[in-house]
């Protein structure tokens, strides 16, 4: 039986809440909870190519570093705006997840938001849903366009 799309939406709602909490004031990071959303090995693809890494201490450090970077850019919230689910088979699913990143940089009088979509591949062979791969857009270009990085 294919994975229930509502289960996938609930998975990303929880992941989104963790991401959002890490940008709020004061930030609440649940790195272990975020890492638990990923498979033992994860593959990412984007404009710089394809890379893979084990879900280990270095992976958790990269998650924390990424959240710190978003905060340094003035990030105030992450919101899941949409989840489109496409079953692949009984154990795998693809999800297109819309995200909204909001920021506030009072010193520069700059406030705004960026909307983007990531594509995730999830597996449920061991019961729990786990992200094993993702595809991201050109985040650096989007951040430059917003004037958040040079």
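A compact table of results
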{"item": "Qualifying residue in region 36-46 (condition: touching a helix residue (DSSP H, G or I) at 6+ places or on another chain (Cβ under 6 Å), at pLDDT 95 or above, assigned to a strand (DSSP E or B) and over 16 Å from residue 12 (Cα atoms))", "result": "no"}
{"item": "Qualifying strands (runs of 3 or more DSSP E) (wholly inside region 59-150; at least 1 residues being over 15 Å from the mean Cα position of the chain (by Cα))", "result": "75-87, 92-105, 110-123"}
{"item": "Residue within region 37-56 that is within 21 Å of residue 22 (Cβ to Cβ) and surrounded by fewer than 14 Cβ atoms within 10 Å (Cβ to Cβ) present", "result": "yes"}
{"item": "First in region 14-26 and without any contact (Cβ under 8 Å) to a residue 12 or more places away in the chain and on the phi > 0 side of the Ramachandran plot, second anywhere and outside any loop (DSSP other than H, G, I, E, B) and buried (at least 17 other Cβ atoms within 10 Å of the Cβ), Cβ under 7 Å, 6 or more apart", "result": "none"}
{"item": "Options 33, 74, 44, 52: the member that is more than 19 Å from residue 116 (Cβ to Cβ) and in contact with a strand residue (DSSP E or B) (Cβ under 6 Å, 6 or more places away or on another chain)", "result": "52"}
{"item": "Members of region 1-30 found to be under 18 Å from residue 118 (Cβ atoms) and either assigned to a strand (DSSP E or B) or in contact with a helix residue (DSSP H, G or I) (Cβ under 9 Å, 6 or more places away or on another chain) (or both), listed by number", "result": "14, 15, 18, 19, 22, 23"}
{"item": "Yes/no for residue 33 being touching a helix residue (DSSP H, G or I) at 6+ places or on another chain (Cβ under 6 Å), surrounded by fewer than 16 Cβ atoms within 10 Å (Cβ to Cβ), part of a helix (DSSP H, G or I) and without any contact (Cβ under 8 Å) to a residue 40 or more places away in the chain", "result": "yes"}
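So that you can scan it fast, the table gives a plain yes or no per residue for (1) over 19 Å from residue 27 (Cα atoms); (2) surrounded by 13 or more Cβ atoms within 10 Å (Cβ to Cβ); (3) modelled with pLDDT of 95 or more:
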{"residue": "68", "(1), (2), (3)": "no, yes, yes"}
{"residue": "79", "(1), (2), (3)": "no, yes, yes"}
{"residue": "88", "(1), (2), (3)": "yes, yes, yes"}
{"residue": "106", "(1), (2), (3)": "no, no, no"}
{"residue": "118", "(1), (2), (3)": "yes, yes, yes"}
{"residue": "122", "(1), (2), (3)": "yes, yes, yes"}
{"residue": "136", "(1), (2), (3)": "yes, yes, yes"}
{"residue": "141", "(1), (2), (3)": "yes, no, no"}
{"residue": "150", "(1), (2), (3)": "yes, no, no"}
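This table checks each residue for (1) without any contact (Cβ under 8 Å) to a residue 12 or more places away in the chain; (2) closer than 22 Å to residue 17 by Cβ.
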site: 61; (1), (2): yes, yes
site: 81; (1), (2): no, yes
site: 92; (1), (2): no, no
site: 99; (1), (2): no, yes
site: 104; (1), (2): no, yes
site: 122; (1), (2): no, yes
site: 150; (1), (2): yes, no
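The values are calculated or read from the model by the stated rules, or taken from the named source; none is laboratory data. As the structure is a computational prediction, the values presented were derived from the model and not from experiment. FYI the Cβ positions are ideal-geometry reconstructions off the backbone, even for glycines, and counts take in every protein chain you see.
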